[in-house]
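Everything below concerns the one structure shown next.
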Amino acid sequence: MRASQFLVSTLKEVPAEAEVVSHRLMLRAGLIRRLAAGVYTWLPTGLRVQRKVENIVREEMNRAGAVEISMPVVQPAELWQESGRWNAYGPELLRFKDRHERDFVIQPTSEEVITDIARAELKSYRKLPLHLYQIQTKFRDERRPRFGIMRGREFVMKDGYSFHATYEDLQREYRNMYDTYTRIFTRLGLKFRAVAADTGAIGGTGSHEFHVLADSGEDAIAWSPQSQYAANVELAEALAPASPRKPPAEAMRKVPTPGKKTCEEVAALLGLPLERTVKSVVLAVDAEGGAVLHLLLVRGDHALNEIKVSKLPGLDKFRFATEAEIRSRFGSPAGYLGPVDLNGVPVIADRTVAAMSDFVCGANEPDAHLAGVNWGRDLPEPQVADIRNVVAGDPSPDGKGQLEILRGIEVGHIFQLRTKYSEAMKAAFLNENGESKPFEMGCYGIGVTRIVAAAIEQNHDEKGIVFPAPIAPFEAAIVPIGYHKGGPVRQAAEQLYETLRAAGIDVLLDDRDERPGVLFADADLMGIPHRVVLSERGLAAGTAEYKGRRDAKPDDRALEGIRALLEAKLSA
RNA sequence: CGGGGUGUAGCGCAGCCUGGUAGCGCGCUUGCUUUGGGAGCAAGAUGUCGCGUGUUCAAAUCACGCCACCCCGACCA
């Protein structure tokens, strides 16, 4: 591609709308332009990147035996009513009426349509298994679109759905997809990790997320360097401390703590480490006859895990208690609450808290805390559960090593749906015995457009994007200095351009009539991985200058060897 | 949806407090010079000051309403 015939639309200054680095760089490098909140035009440079991601995904899906299909973006409401998601999905599902006042949606995913296809086309076990996928525009009317393409409302997703006669066969395909996703993200040139995940609202049993690692990622991943263990922090189990609880060493006493409401403030006032304090969180469960309050305890430096809490019996529909509820039940404002003398409020202590002795907690009266508190002696032994997020240094749940915490951006998710949709939509096949059975289903998603943003979050520097070669808009750039003067530079540039194109290299010839600084800056900003500079000076010596995007300094190379050099770099 | 903030040229911003014919930088156009890291000089073009209503002789500026967008919290690829 010649830059003069392309649209290189770079920005020196950053539009004020962008806060996160990938969003800023995507705007500056001319990959995208905003059209509405969470809705973006993909400019030619950006679309090249998106297509390269798509093609790798498509190749690997095909290689894995999946078959491409294309389902409508606009789907009739009837199917969604049939699956129950018309009511269950909420306002993120974009709905509208056509001219006949019939209800339609824009697909956020396509379980309904694919299940409808399956029940019509897959009537016999002889047609199973089958895995159908599409790479398609999705729309989710997010509460708050943000971070540019990372959490847009319109985005491109690869969504695949597999149909099986047995659970065993679903599990086989699930492992197949796990391996396929691993190959895809490896080929994309990204640092990533597959983690065990919560199944969330989609339901089903097994589930893994694939995260691109980046410090700016929204998700926290717990993993053990000593083993294969990796899980979303939402899910990772916090084991009970290995050492038993120490016997009481202090007497329980009330200490004045005026105005000190947080564990941090109380620990600082008393000169104690935060690990000696206990944080009290009041949850409410609405029931007939009024809300029932529960007191949950985690160590002062730990955080409550709401997903774990919601899995406790009776707490699946919890909410945080209001200040008024707390005052009337505890006789104290929030900030001074504790588990001692509670007259009947159920207490659930985290495993770590249950193993603490001589700890500090609220006294259930304003401006006072209790110190030297001990289970058994000062208050009854509590109900114990795992209700906190793991932190770095916790023992790995598989018993091997200590956990570390990584930040990640979720770009893929695989689920075993089982028969959730096939039963709801009466999608069944006849087995060998002539019996009608609901399909065992799996579903598998990859956020194609999000991958572009995640790749940039993971790979950038002060000059701009540093794309992995497999998804860069161009694999290499030829930057001729003085192209418009004609002469040997122009001639050599044209010749090299043809040579590289003939070798199958996706190269940009920057033939724009700009000063060298502009050309260099743009090539860096767009993240083109390899750059070849041609100048009169170099050509006189038979050399061109090569620089990799991550290299600190350029190298002079024989002009003749540039093609072989790039081929070697690109196949590495 | 709750909380905070911003809307002035394609982009980044000043002007608003204290009302009086709209500015700066970048970018864009033309010419000359320049040509190895976002050039210099000169001449230009580009604005319903987010929208509406009100106050006023006069509104970018004051008041009220609306809209859009951004940031922080609860969800997801």
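Computed from the coordinates by the stated procedures, all read-outs in this text should not be read as laboratory data. Since the structure is predicted, the reported quantities are computational estimates derived from the model, not experimental observations. Glycine gets a Cβ as well: all are built from the backbone with ideal geometry, and neighbour counts include every protein chain shown.
Summary of computed values
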read-out	value
Rg over Rh, two decimals, the range A:302-391 (C-alpha only, Kirkwood Rh)	0.95
Neighbour-count order for A:Tyr421, A:Tyr40, A:Tyr178, fewest beta carbons within 10 angstrom listed first	A:Tyr178, A:Tyr40, A:Tyr421
Within the range A:1-84: Cβ-based charge dipole about Cα centre, in debye rounded to nearest 20 (Lys, Arg +1; Asp, Glu -1)	640 debye
With at most 10 other Cβ atoms within 10 Å, longest stretch of chain A clear of loop GluC sites (Glu not before Pro) (DSSP)	A:102-287
Per-residue Cβ neighbour rank within 10 angstrom, fewest leading, A:Lys158, A:Lys191, A:Lys426	A:Lys426, A:Lys191, A:Lys158
Cβ-Cβ FRET estimate between A:Ala521 and A:Thr186, R0 fixed at 30 Å, reported to 0.05	0.45
Amide H partners (placed H, <5 Å) of A:Lys138, local residues excluded	A:Phe155, A:Val156, A:Met157
For chain A, convex hull of alpha carbons as volume per residue, Å³	216 Å³
Förster radius 30 Å - calculated FRET efficiency between A:Glu17 and A:Phe96 (Cβ-Cβ, nearest 0.05)	0.65
Bins of 5 Å, starting at 0 and running to the largest distance - Cα pair percent for the range A:356-432	3, 9, 9, 10, 11, 11, 10, 8, 9, 9, 5, 3, 2, 1, 0
In sequence order, calculated HN-Hα J values of the range A:59-76 (Karplus, 6.51, -1.76, 1.60; Hz; x Gly/Pro)	4, 6, 5, 4, 4, 7, x, 7, 10, 7, 9, 9, 9, x, 6, 9, 10, x
Under 11 Å, Cβ to Cβ, from A:Arg490 - net charge with Lys/Arg +1 and Asp/Glu -1	-2
Computed over the range A:1-117, the ratio Rg/Rh where both radii use C-alpha atoms and Rh is Kirkwood	1.08
Sorted by Cβ density within 10 Å, fewest first, the residues A:His100, A:His208, A:His530	A:His100, A:His208, A:His530
Beta bridges by DSSP in chain A, antiparallel share as percent, to the nearest 5	80 percent
Positive-end extreme of charge dipole, the range A:303-366 - chosen from A:Gly314, A:Ile348, A:Phe359 (charges on Cβ)	A:Gly314
Percentage relative contact order, the range A:60-121, counting C-alpha pairs under 8 Å, at least six apart	35 percent
Neighbour net charge for A:Gly412 - beta-carbon separation under 9 angstrom, K R +1, D E -1	-1
Added length on full extension, which subtracts the Cα-Cα distance from 0.36 nm per residue, A:Glu59 to A:Glu567	180.7 nm
Partners for A:Lys158 among lysines (Cα-Cα distance below 29 Å; same-chain residues under 8 apart left out)	A:Lys52, A:Lys97, A:Lys123, A:Lys127, A:Lys138, A:Lys191, A:Lys420, A:Lys426, A:Lys437
Once the Cα gyration tensor of the range A:421-555 is diagonalised, semi-axes √(5λ) in Å	51, 17, 11
Projected label distance in nm at A:Ala268 and A:Asp169, using a 7 Å step from Cα toward the beta-carbon	6.3 nm
Positive-pole candidate from A:Ala502, A:Tyr483, A:Pro473, dipole of the range A:447-504, charges at beta carbon	A:Tyr483
Cβ-Cβ FRET estimate between A:Ser227 and A:Glu494, R0 fixed at 56 Å, reported to 0.05	0.50
Whole-Å distance, taken between Cα centres, linking the range A:301-349 and the range A:435-458	37 Å
Coil-residue chymotrypsin sites (Phe, Trp or Tyr not before Pro) of the range A:250-358, DSSP, other Cβ within 10 Å capped at 10	none
Per-residue HN-Hα couplings for the range A:499-513 [Karplus 6.51, -1.76, 1.60; θ = phi - 60°; Hz; x = Gly/Pro]	4, 5, 4, 5, 7, x, 8, 7, 10, 9, 8, 8, 9, 6, 7
Relative contact order (percent, whole number), the range A:1-55, Cα cutoff 8 Å, 6+ residue spacing	28 percent
More than 16 Å apart - percent of Cα-Cα pairs taken over the range A:143-260	77 percent
Net dipole in debye of the range A:186-275 [+1 Lys, Arg Cβ; -1 Asp, Glu Cβ; about Cα centre; nearest 20]	360 debye
Loop-located trypsin sites (Lys or Arg not before Pro) in the range A:1-49 whose Cβ has at most 16 other Cβ within 10 Å (DSSP)	A:Lys12
Loop-located trypsin sites (Lys or Arg not before Pro) in the range A:63-102, at most 10 other Cβ atoms within 10 Å (DSSP)	A:Arg99
